[in-house]
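> Please see the structure below; I have some questions.
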Amino acid sequence: MPVINFSKTVLDNGLRVIVHEDKSTPLVAFNVLYDVGSKDESPERTGFAHLFEHLMFGGSANIPDFDTPVQNSGGENNAFTNSDVTNFYEVLPANNLEVAMWLESDRMNCLNFSQEVLDVQKKVVVEEFKETCLNEPYGDVWHHLSAMAYQVHPYRWPTIGLVPEHVERATLEDVKEFFFRHYRPNNAIVVVSGNVREAQVQPLLEKWFGDIPPGPAAERQLPPEPPQTEMRSKVIKDAPVPMDAIFLAFRMCGRGEPEYYATDLLSDVLSNGASSRFYQRLLKDRQLFSAIDCYISGTIEPGLFIVEGKPADGVSLEKAEDAIWEELALIRKELTEETELQKVKNKVESSLLFSEMNVLNKAINLAFFELLGDAAKINKEVDAYRQVRREDLHHVANYILRKENCCRLIYRTREELKN
């Protein structure tokens, strides 16, 4: 896999800057990652990081409209928020790089803190909460799983927040305090990736970002989650969903731990593609499920390994769940075949290779690995997956896939809603 070369500097205000030259594209990606997510909220004020993702598009000190300059420059922009980070980006022709710098530096320096903008964005976020969590089938699944899996850690609420009232009650003073605590240069990582020259980029970064004052030093002290010693279970009866569903969430390691790679490959062996175990044995051969999947949360702090399935017509929840546990017991008992493991390794390597051909993906990944401790880890991912052995999968399967380490969520649909 080609090595991704880059330079790294730190401005006087603490802003970490990474520049990657890529002459194969006419574009440049400008990515700003803030080290703040929903895990940095208080239990009484959840949903703030997601609210800020919206507020950051509501105008800043000198720029009332953020999208139009990007579009006029032939580019596109967007953002995402999760439990760990808030990320903003622009992709545009390389000769228009300074447009992105101008926009991002202005909103990093100071947002437009007006009551009108806050009221508009609060309504947007609350409506999104209602649409995706309250009115969408299985939309509340992360509320239930998070609350079961985490008792003290702030992962116990989803990124969108615990309840919409937390965002509805947000005041201007609340959002100003949150902004000037978290969205500062010393809590951010900027990546410039594309058809640029480092020697030209560095002075521009100093010009646009060098004078932005830093915020207070980060003092994140997250409470460690106590070990889980017994299965936690919740059954939602007469759920307003089209079919029954099973969710089994197992606690796993965090993103930076060595076991992460074996755990990720374990989920692939079970449910990545038509040759995976769940697909072949439970869906195709035994026809017990209409859909079944397995995936990991991938969070920086210890996360979740999730199995979800929807039983086929005429198959009871009990029979379907028993079949899942049989497969989990089998992968705990026997070593995975070498050919089976190599197949999922090849898929991961291919996926990473194609991902890194995209200038934006490289920018986002460089920022994320820098947040994990070293942007150079981007060049070590493939080797980390290659080095996973069958014994490693066996170890994590036996450590993770235990009933006492499981949070079990069941949706039993209303009879009249079944297909």
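The values are calculated or read from the model by the stated rules, or taken from the named source; none is laboratory data. These numbers come from a predicted model, not from an experiment. FYI the Cβ positions are ideal-geometry reconstructions off the backbone, even for glycines, and counts take in every protein chain you see.
> Please indicate, with yes or no, whether at least one residue in the stretch 94-113 is under 20 Å from the mean Cα position of the chain (by Cα) and on the phi < 0 side of the Ramachandran plot. First the steps, then the outcome.
Going residue by residue through the stretch 94-113, those that are under 20 Å from the mean Cα position of the chain (by Cα) are none.
So far as the stretch 94-113 goes, no, none of its residues is under 20 Å from the mean Cα position of the chain (by Cα) and on the phi < 0 side of the Ramachandran plot.
> Kindly evaluate residue 21 against the criterion of being charged (D, E, K, R), within 18 Å of residue 358 (Cα to Cα) and surrounded by fewer than 20 Cβ atoms within 10 Å (Cβ to Cβ).
On the way: charged (D, E, K, R): yes; within 18 Å of residue 358 (Cα to Cα): yes; surrounded by fewer than 20 Cβ atoms within 10 Å (Cβ to Cβ): yes.
Taking the combined requirement at face value, the residue satisfies it.
> Which condition number does residue 222 fail, the rest of (1) hydrophobic (A, V, I, L, M, F, W, C); (2) in contact (Cβ under 8 Å) with a residue 60 or more places away in the chain; (3) surrounded by 14 or more Cβ atoms within 10 Å (Cβ to Cβ); (4) more than 22 Å from residue 141 (Cα to Cα) being met?
(3)
> Just to be sure before I move on: is residue 183 buried (at least 17 other Cβ atoms within 10 Å of the Cβ), more than 30 Å from residue 324 (Cα to Cα) and assigned by TED's automatic domain parsing to the domain that holds residue 51 in the structure I sent? Talk me through it step by step, then tell me what you get.
Working: buried (at least 17 other Cβ atoms within 10 Å of the Cβ): yes; more than 30 Å from residue 324 (Cα to Cα): yes; assigned by TED's automatic domain parsing to the domain that holds residue 51: yes.
Yes; evaluated as a whole, the condition is true for this residue.
> Which numbered condition in (1) touching a residue at least 12 places away in the same chain (Cβ under 8 Å); (2) under 30 Å from residue 405 (Cβ atoms); (3) surrounded by fewer than 13 Cβ atoms within 10 Å (Cβ to Cβ) is the only one that residue 161 fails?
Unmet for residue 161, out of (1) touching a residue at least 12 places away in the same chain (Cβ under 8 Å); (2) under 30 Å from residue 405 (Cβ atoms); (3) surrounded by fewer than 13 Cβ atoms within 10 Å (Cβ to Cβ): (3).
> Starting from the stretch 58-82, keep only residues that are buried (at least 19 other Cβ atoms within 10 Å of the Cβ), then list their pairs with residues that are outside any helix (DSSP H, G or I) and acidic (Asp, Glu) whose Cβ atoms are within a distance under 6 Å, requiring at least 6 positions of separation or different chains.
If the second residue must be outside any helix (DSSP H, G or I) and acidic (Asp, Glu), the pairs left are 70/90; 75/90; 77/90.
> Right, another one. I need the helices (runs of 4 or more DSSP H) fully contained in the stretch 141-238, keeping only those with at least 2 residues that are hydrophobic (A, V, I, L, M, F, W, C) and within 16 Å of residue 52 (Cβ to Cβ). First the steps, then the outcome.
Numbers: elements: 141-149, 164-168, 172-182, 198-209.
The helices (runs of 4 or more DSSP H) meeting that bar are 172-182.
Residue-by-condition table, conditions (1) within 30 Å of residue 227 (Cβ to Cβ); (2) small (Gly, Ala, Ser); (3) touching a Lys or Arg at 6+ places or on another chain (Cβ under 8 Å):
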| position | (1), (2), (3) |
| --- | --- |
| 284 | no, no, no |
| 292 | yes, no, yes |
| 315 | no, no, no |
| 334 | yes, no, no |
| 338 | no, no, yes |
| 353 | no, no, no |
| 362 | no, no, no |
| 369 | yes, no, yes |
| 386 | no, no, yes |
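> Follow-up question, since we're still on this one. Restricting to the stretch 131-140, and then to whatever is part of a loop (DSSP other than H, G, I, E, B) and of a type in the set (D, E, K, R), can you tell me which residue is farthest from residue 206 (Cα to Cα)?
Taking the stretch 131-140 first, the residues part of a loop (DSSP other than H, G, I, E, B) are 135-140.
Of the ones still in play, those that are also of a type in the set (D, E, K, R) are 136, 140.
Details: 136: 46, 140: 44 Å.
Residue satisfying both the conditions and the ranking: 136.
> Residue by residue through the stretch 243-256, note down the ones that are in a loop (DSSP other than H, G, I, E, B) and surrounded by 14 or more Cβ atoms within 10 Å (Cβ to Cβ). Steps first, please.
Here is the first cut: in the stretch 243-256, the residues in a loop (DSSP other than H, G, I, E, B) are 243-244, 252-256.
If the condition is that a residue be in a loop (DSSP other than H, G, I, E, B) and surrounded by 14 or more Cβ atoms within 10 Å (Cβ to Cβ), then 243, 244, 252, 253, 254, 255 are the ones that fit.
> Can residue 104 be described as at pLDDT below 95 and either surrounded by fewer than 23 Cβ atoms within 10 Å (Cβ to Cβ) or of a type in the set (Asp, Glu) (or both)?
On the way: at pLDDT below 95: no; either surrounded by fewer than 23 Cβ atoms within 10 Å (Cβ to Cβ) or of a type in the set (Asp, Glu) (or both): yes.
No; evaluated as a whole, the condition is false for this residue.
> Go through the stretch 258-308 and give me each residue that's in contact (Cβ under 8 Å) with a residue 24 or more places away in the chain and either of a type in the set (Asp, Glu) or not assigned by TED's automatic domain parsing to the domain that holds residue 369 (or both).
259, 264, 268, 301, 308
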